[in-house]
Structure formats: structure tokens, C-alpha cells
1. What does the structure give for B:64-77 when I average, per residue, the other chain Cβ atoms found within 10 Å of the residue Cβ?
2. Testing the spin-label approximation: label points 7 Å from Cα along Cα→Cβ at B:Glu52 and B:Arg109. State their distance in nm.
3. Could you work out how much longer the chain between A:Thr481 and A:Ser269 gets when fully extended? Use 0.36 nm per residue separation minus the Cα distance between them, nm to one decimal.
4. If each residue of separation counts as 0.36 nm, what is the full-extension length gain between A:Glu229 and A:Ala329 once their alpha-carbon separation is subtracted?
5. At what distance in nm do the modelled label points of A:Asp463 and A:Glu198 sit from each other, each positioned 7 Å from its Cα along Cα→Cβ?
6. How many times 2.2 N^0.38 Å is the alpha carbon radius of gyration of the stretch A:300-377?
7. Amide H neighbours of A:Arg278 under 5 Å, counting only residues 5+ apart in sequence or on other chains, H built in-plane at 1.01 Å?
8. Peptide B:100-106: average number of partner chain Cβ atoms within 10 Å per residue?
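Here, each number is a calculation from the coordinates, and none is a lab measurement. Keep in mind it's a predicted model, so treat the numbers as computed, not measured. Cβ placement follows ideal geometry from the backbone for every residue including glycine, while neighbour counts extend to all protein chains displayed.
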Amino acid sequence: MRLRVAPTSTAPLVLLAAVTLVGCYRTNVRTEPDAGPPTPDAWRAPPPDAPLPDAWSPDAFVPVSECLRDRDCPSTGTFCIQDLSLAPRDLAAVPLRCGAPVGATTTGLECDSNEQCDHGMCALGGGCLAPCVTDDDCFSDRTRLDLLERCTRVPVVTSDSALQFANACVRWSDTPAEILANEPIFVTRFTTERLPVEPLRSGARLVHYVADARDDERFVSSITTSEGEVVFDAFGLGSERQPLVVAPFLDFIPVLIPNGDRDFAVGTSFIAALETSRTTTYRRIVMDRTTFGTSLDLNFYYVGVRPPRAGEPPAIVQRMLRELEILFAATSPDLRLGRMRHFVVPGATARRFEFVEGDDEVGQLFLLSAGASRPSVNVFLIRSGADFLGISGGAPGLMGVHGAQGSGIAIGLEDLESFLPMAPENQLGTVIGHELGHFTGLFHTTELDGTSVEPFADTPLCDLATNDLDGDGMLLPDECTGAGAENVMFWGPFVPSPRFSARQARILQQSMVLR
Amino acid sequence: MIARALALTSVLAASLVSAPLAAQDSTAAQDTPALDTPAVGAGSARLTVRPELRARVERALLAIDSAPSAAFWQGLGAEGLAALVSVLDDASRPVGLRRRAALALRHDRSATSITILESLALRAGEDELVSRNALTALTERRGREALVVIERALGDRRAHVREGAVLAIGTLRERGLIDGARAAASLVRVRAREPELFVRETIDRVLAIR
């Protein structure tokens with residue numbers, strides 16, 4: 001039995017099951033009164049008349065500048081650019097003025113400094129930005145879905161001690177060229193409704209339902225083929241391994257097909273039943289890929305930990321990357337690390353997020369990836385997480401979308417480093433590999449209390465009834481030797497040189513972030 | 001047996017408390033299970049913890065992204081508490097382990113752990129995130145009864161402890177456990193003398209929650 005949730009269709013238990021399902025990942029169990037459906041842009045464009053004091057809140061940002069977007073600048077050849085003559089001010093809005101282009105690099109392309117970009121703004125995550133007020137100010141040619149943009153809040157480094165924020169255009173998704181992505185489709189106002197998922201165009205499919213509101217609970221309770229075959233049932237309490245799993249997280253719902261041993265023919269149609277605690281609005285983004293990826297690009301964000309010097313990451317990060325390469329090489333000869341980029345988070349933002357406590361904080365941390373300009377996974381290196389060594393924005397996380405609450409993984413580097421003297425080799429690689437596994441769609445082989453939602457035949461389970469030798473209700477690695485403790489996706493670290501299984505490797509290589 | 005339990009309580013607390021910060025809870029004798037394991041002396045005496053149990057506790061603290069349940073910790077009983085205390089009281093143990101041990105104490109039901117958490121939250125020279133986690137655990141355990149410690153933490157020299165205290169007040173306020181208006185007024189006063197921008201922002205965020 002994989003899930004310990006009583007079968008029921010009642011709403012309270014549905015939500016209970018949602019919490020149970022997400023287990024060790026991130027959950028949002030706050031319940032807010034229903035304030036009615038949000039406007040589609042509510043979470044991207046801040047309301048100009050509702051200033052709130054939280055500098056990091058996307059809803060609190062009220063820039064006061066000469067211009068807010070290019071069309072506020074009537075003179076030919078002028079843009080709405082960052083006013084670089086003003087002294088940096090930590091957490092303040094990026095000051096804007098009309099003027100000639102600052103640099104030669106255009107919006108959306110990679111940058112290392114503000115001066116390189118035509119609008120004088122380079123996102124913390126390394127992409128040139130153009131300011132905006134709404135999505136209408138951004139690239140909206142629906143014949144170029146790979147370039148389609150939205151207007152969102154983006155952090156901009158303005159000095160070694162200041163991170164400021166701007167409303168700027170960023171791409172809806174950044175996926176490798178071989179990924180087929182659709183235009184984000186509005187799915188408005190549903191609670192416990194059935195939504196169609198289009199027929200499979202290829203071998204792997206990721207569907208993200210991205211919410212415009214962040215204050216309700218939501219998850220996928222079942223997926224069936226159009227012929228009525230149940231391929232996933234959150235309340236299915238049979239003894240068989242689930243052929244497909246999904247997970248619910250903060251501002252999005254991911255549906256990954258396949259995420260198990262079962263393959264589906266191209267053309268198969270699915271119905272996903274989504275449960276939400278209130279009427280809300282979603283964008284549906286469908287991504288398909290036909291080939292295995294081989295190369296994974298990572299963006300490292302240094303949050304209160306030792307930063308790179310002279311372009312070289314600190315020794316602890318270099319060691320982490322070496323160990324991750326070893327893990328990848330042992331997983332598949334075709335799997336390797338790609339290009340690494342490194343970004344230092346300055347000022348009060350680093351102080352706030354160097355220690356992360358609670359799901360909301362994790363989600364806020366991942367929002368800092370807005371403006372990252374390429375297909376990649378965002379890795380936030382913080383000092384410590386209150387109750388995690390590492391954490392993923394989801395299982396799977398929000399692959400291919402930067403600047404949302406599921407857009408990355410975080411590692412408590414200071415804590416992890418302190419553990420190394422008592423750990424076997426390769427534990428740095430294990431922890432980041434474990435979180436990347438979650439981010440691409442993998443679950444724990446066995447949870448510490450013996451439950452599991454992981455679906456693969458080639459990853460052994462550690463059964464509580466037979467393996468919990470001391471009867472304390474918890475499965476420690478030494479009780480699961482030969483029963484999954486050797487797998488990277490086991491719940492606990494510090495097993496020598498754990499590995500991914502072949503089936504897990506397939507999920508990794510089908511993920512929408514590998515080139 | 002009660003006298004022995006009381007003695008053990010004092011011993012455990014004394015192992016961490018350099019200057020007692022709160023009166024011993026009068027329920028300590030009832031909360032602390034009777035123990036047959038001998039107390040051993042080494043300057044400050046404490047419970048003997050079987051090495052295998054301490055190893056088990058340390059492994060439980062090493063979960064990558066899962067947290068052992070309250071039932072697990074409570075099932076370990078007084079010896080489990082002593083194991084957590086021994087981790088916390090051993091400066092040679094990894095700081096990440098000690099931070100997690102402090103947070104895990106929220107699941108212990110004894111009055112002893114409350115005393116320990118009160119001490120950890122305010123102990124000068126302690127790792128700031130150990131203290132921060134202790135404050136979080138204490139707030140979860142004690143609700144408004146933690147307010148004395150929380151208010152002292154607002155004036156702590158360590159910024160993350162001060163921020164933890166601000167968030168603790170926010171938690172108590174959200175739960176309706178303290179007077180919202182008085183709490184807000186207090187935070188406004190604290191904000192005026194707060195030197196760190198990120199703590200001031202946290203105060204603003206807490207004040208904005210209605």
C-alpha cells in the first residue's frame with residue numbers, strides 16, 4: 001500500500017490527503033476566506049493603490065519614477081531605463097527615467113551587469129529586463145510562444161549591498177529548444193472540476209496549472225484516460241504501485257506524464273481532476289518533449305553564504321558539483337552537468353533569506369529567480385533551513401518557469417557543511433541530487449514513517465512491518481539496507497554513494513529542464 | 001522516585017542554564033518520567049544516554065527534507081529528551097545538528113524541555129539559529145506563556161533571534177492569544193530602535209497582517 005489515506009470523496013479528507021501526499025515537500029495549508037476570483041494579473045502586476053510595507057511582497061511594490069514602461073517615453077529612440085545616476089537603495093524600487101539605451105544587450109538575453117543591458121537593468125538571475133506595468137507592455141506575439149512574456153516583479157542588483165526591484169517583462173517559460181510548449185491558457189474559476197489534458201504528442205508531458213492566487217489549497221486527485229482507465233488516484237488504496245504520480249504545491253499544480261513504469265501511447269488523452277478549496281484562476285502550460293536530455297544547467301544563488309571569488313565558486317560548491325557529476329555519471333553515461341552561473345544575493349534580502357523557516361518563506365525565496373534567462377534549475381544556497389537540509393519547489397517543481405513559488409531548490413549549505421565530518425563521501429552530491437530528483441518529478445523511495453508514493457519497480461521499498469526492527473515507527477537507513485536506503489531518493493542522507501535507479505534516471509532525462 | 005525525578009530535571013536544566021531565566025515549572029515532577037538510568041557526573045551531571053539511542057536520534061535529525069513526527073520524538077521518552085539535550089550541550093557536534101535538535105524539542109512534552117528552550121533562546125554566545133529555533137519551539141509549546149522570553153529576545157544582540165521574536169509575536173497575535181493592539185504598539189517601539197533593515201521589514205510585515 002502506497003498511501004495511507006482513507007478513500008473518500010469528502011472535501012475535508014480530500015484536503016487532508018493533499019497534505020499527506022505532499023509529505024516532506026512544501027505545503028500551503030493556510031485557509032483564507034473566499035474573496036472571489038482574482039483578476040488574471042493579480043499575482044504579477046501589483047495594484048498601484050495598495051502599498052504594503054513588505055518590500056519583498058509582489059503585491060506591495062509601488063514604483064515612483066519618471067516612467068514605468070517604454071511607451072511612457074515619447075521621444076524617438078528613448079527607452080524607460082534605470083536611472084544609474086542615483087545612489088543604490090536596498091529594497092527600494094529601481095528608479096526609472098526616459099533616456100537613450102544604456103547597453104547593447106536586449107531584453108531577455110544574458111547579462112552580468114546593469115550597464116550591459118539596453119534598459120540598464122540586469123535581473124539577479126542574469127537576464128536583461130525591460131520595465132512594464134501589465135502583460136500588455138511585454139512581448140505578446142502568440143506565433144512565437146517561446147518568447148511570450150509576462151510582467152512580474154524582478155530583483156535587480158544595484159550594488160554589493162543593495163537589491164532593488166522592478167516590474168519587468170520575463171518569458172513565460174524558459175525551456176530547451178526541443179521542448180514543445182503551448183501558449184499559457186487561462187482556466188478560470190473552478191473548484192473540483194474536471195479539466196481535459198490534451199492528447200500526448202510525444203513520450204513525456206508536463207502540465208503546469210499556475211494559479212493567480214496563492215491562498216488556497218489545491219491538488220490533483222485523479223487522472224484518467226479518455227477511455228476511463230484510472231492511471232492515478234490519490235485515494236486509490238490498492239496494493240499496486242501507482243503508475244503515475246502528481247503533487248500539489250503552492251501557486252501551481254504540476255502533472256507529470258508519465259511518472260512511473262507505465263508508458264502511454266502518443267495520442268492518449270487524459271482527464272485530470274483538480275481539487276481546490278476555493279474558486280480560483282489558473283494558467284495551463286503544457287510542455288512535451290520527444291527526446292532525452294543530456295545536459296543540466298544550474299543557476300546558483302548565494303544567500304548569506306560564502307560567495308564566489310574572482311569568478312570561482314567557493315570550495316564547498318566546487319566539491320558539491322564534482323560529487324553531483326559523479327552521481328550523474330553513475331546514473332547514465334549521457335547525463336552531465338552543463339553550464340553553471342553564479343549570483344550573489346546582497347543586502348537585507350540575503351539576511352532575510354539566509355535562514356528559511358516555513359513554506360511561505362521558501363516560496364518567497366524562489367520568487368527571486370524571476371528574470372533568469374535560460375532553461376535551467378535555480379539552486380539557492382542558504383545558511384540553514386529550519387527543518388530541512390535541502391528542499392525542492394515541488395515534485396516536480398515548476399520546471400521551465402522562473403520567478404514563481406516552485407521555481408527552484410534550496411540547500412542549507414552551512415548546516416550541510418557542518419555535517420560533512422560525520423558523513424560518508426559524496427553527501428554534498430547526494431543532497432543536491434536528491435532535491436534535483438524531486439524537482440524533476442521523483443519522490444522518496446520510502447518515507448521515514450514507511451509510507452511511499454514512489455512508483456518504480458526498480459526501486460525497492462522498505463516495508464515498515466518487516467524492517468522497523470526496534471518498532472519505533474521510523475525507518476532509519478540501517479533498517480533499510482538492501483531495501484532502498486542505497487537510493488538517492490531515500491528520505492535520509494549519509495548512506496555511502498547512493499544512486500538513482502534506471503527508471504528514475506529516465507524521469508530525470510525526460511525532464512523539461514535538460515538540454 | 002519523585003525526588004529523584006525532580007533532581008534529574010534540575011540536572012538536565014542546569015546542564016544548559018547558565019542563569020535561570022524562568023521559574024521552574026511546578027509541574028515538572030509530574031511531567032518528567034521516572035528514570036532508572038543513573039545520572040553521571042562530569043562537572044554537570046546528566047542522564048546516561050545509550051550510545052545507540054543517541055546515534056538514532058542524530059540520524060533522525062539528519063533527514064534531508066522530512067521531519068520525524070511528534071509521535072516519534074515522544075515515543076523516545078525521557079531518554080530521547082536527554083539525547084537531544086546531549087546533542088545541544090555538546091559544542092563539538094555539528095551546528096546543523098544542534099539547530100535541528102533545538103527545533104525537535106518542540107515535540108517533547110516535559111517541563112524540563114521548556115526550561116531548556118527558554119535557556120537556549122536567550123543564552124549569550126549560543127549559535128543564533130539554535131536560539132532562533134529554540135524560540136520557535138518555545139512559542140509553539142507555550143503560546144502566550146512564552147511571552148516573557150519572547151519580549152527579552154526582542155532586545156537580543158543577535159538579529160535572527162530578534163526577528164524570531166517578532167515573528168513569534170505575530171504568531172501569537174494571529175492566534176488571538178495576545179492583545180493585538182498592544183502587540184502592535186510594542187512592535188512599533190521595537191522598530192524605532194531596530195538597526196537591521198531585514199528585521200524592520202519583518203516587523204512591517206507582521207504589523208500589516210490583520
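1. Mean number of neighbouring Cβ atoms from other chains: 6.
2. Going by the 7 Å Cα→Cβ label model, 2.6 nm.
3. Details: separation 212, 0.36 × 212 = 76.32 nm, distance 4.02 nm.
Using 0.36 nm per residue and subtracting the Cα-Cα distance, I get 72.3 nm.
4. Values: separation 100, 0.36 × 100 = 36.00 nm, distance 3.74 nm.
Extending this stretch completely gives an extra 32.3 nm.
5. Taking the two extended label points, one gets 4.4 nm.
6. Here the answer is 1.26, to two decimals.
7. Amide H neighbours of A:Arg278, under 5 Å, 5+ apart: A:Glu217.
8. 2
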